[in-house]
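Read the structure below first, then the notes.
A short reminder: the numbers here are calculations on the coordinates, not readings from a lab. Note that the structure is a prediction, hence the values are computed from the model and not measured. Neighbour counts are summed over all protein chains in view; Cβ atoms, including those assigned to glycine, are modelled from backbone coordinates with ideal geometry.
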Amino acid sequence: MNGTNYDACPECDLLLRTAHPKMGEKAHCPRCGFLLSRPRKQSVERTFALSIAGFILFFPANLLPMVGITVLGNVNTGILMSGVIALFNDGMVIVAVVVFLASIFFPLVHLTLSLLISGHLYFNWPNRYLVGWMRWMHHLDEWVMLEVYMLGVIVACVKLMAIAPLKFGWGLYAFIALIIITTLLTSGLDSALFWQRIGQLSKENSHAS
Ligand SMILES: [Zn+2]
């Protein structure tokens, strides 16, 4: 990649030189006014911190019980994976696979990628896989659907509450926190800045070697 990149305006398709606005400035399309890029404050640092927090929360959200229910003296607890297993046992194999991918596997890969990318940028470590990681992370953006799973959890809880009193577990709280962090992570990621920093790193690296 070199300095003279061209982008089409996503709104009106006007061909434009890739804009690199400074912090606090915005780049608008001169024809239709579409907001092309708006550098987020300390996006690398923020993404790095949120990725670490998300990565730590991922484990209690998946391993600790989300809900507990007592039926005839027996305590049953459910973790995130129990929902997937229940769907699988009910014969809804495809739904089980989709739920597993969208609520467990893709979020983990997405968090790992954003941790790797922001960590490398934060410490200025060049890596030839950075471009590939960025592409994969953008593809996964559409596939991380923790909120959809959350809706399922709420529906299941309301149904179960009719049978017996529910006890909410730490897994549920960790899962809610994970949703908030994932949302902040994707909304605060300044991808124009990330691409620019990745370009700089690879340039510096090729000068050094
Ligand atoms: Zn435009």
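Could you quote the convex hull projected area for the range 50-209, Cα atoms only and averaged over all directions, in nm²? List each step's numbers first, then the result.
Values: hull surface 41.9 nm².
Averaged projected hull area, Cα only: 10.5 nm².
Less than 15 Å Cβ to Cβ from residue 48, Lys/Arg counted +1 and Asp/Glu -1: what total charge do the surrounding residues give?
Details: positive: 40, 41, 46, 197; negative: 45, 190.
Net charge around residue 48: +2.
List the equivalent ellipsoid semi-axes of the range 31-116 in whole Å, largest first, each obtained as the square root of 5λ for an eigenvalue λ of the Cα gyration tensor. Let's see the in-between values first.
Numbers: eigenvalues 265, 67, 28 Å².
Semi-axes (√(5λ), whole Å): 36, 18, 12.
Just to confirm the number: angle between the C-alpha axis of helix 191-208 and the first principal axis of the chain, 0 to 90 degrees, nearest 10?
Roughly 60 degrees, rounded to the nearest 10.
Working out 0.36 nm times the residue gap between residue 45 and residue 108, then minus their Cα-Cα distance, what length gain in nm do you get to one decimal?
Numbers: separation 63, 0.36 × 63 = 22.68 nm, distance 1.99 nm.
Gain in length upon complete extension: 20.7 nm.
What is the spin-label model distance, in nm, from residue 97 to residue 196 if the labels are put 7 Å beyond Cα along the C-beta direction?
The two pseudo-label positions are separated by 4.2 nm.
If you take every residue apart from residue 126 with its C-beta less than 14 Å away from the C-beta of residue 126, what net charge results, scoring Lys and Arg +1 and Asp and Glu -1? The partial results should precede the final answer.
Numbers: positive: 128, 197, 203; negative: 204.
Neighbourhood net charge equals +2.
Can you list the cysteines of the chain that have no other Cys Cβ under 4.7 Å away?
That list is 157.
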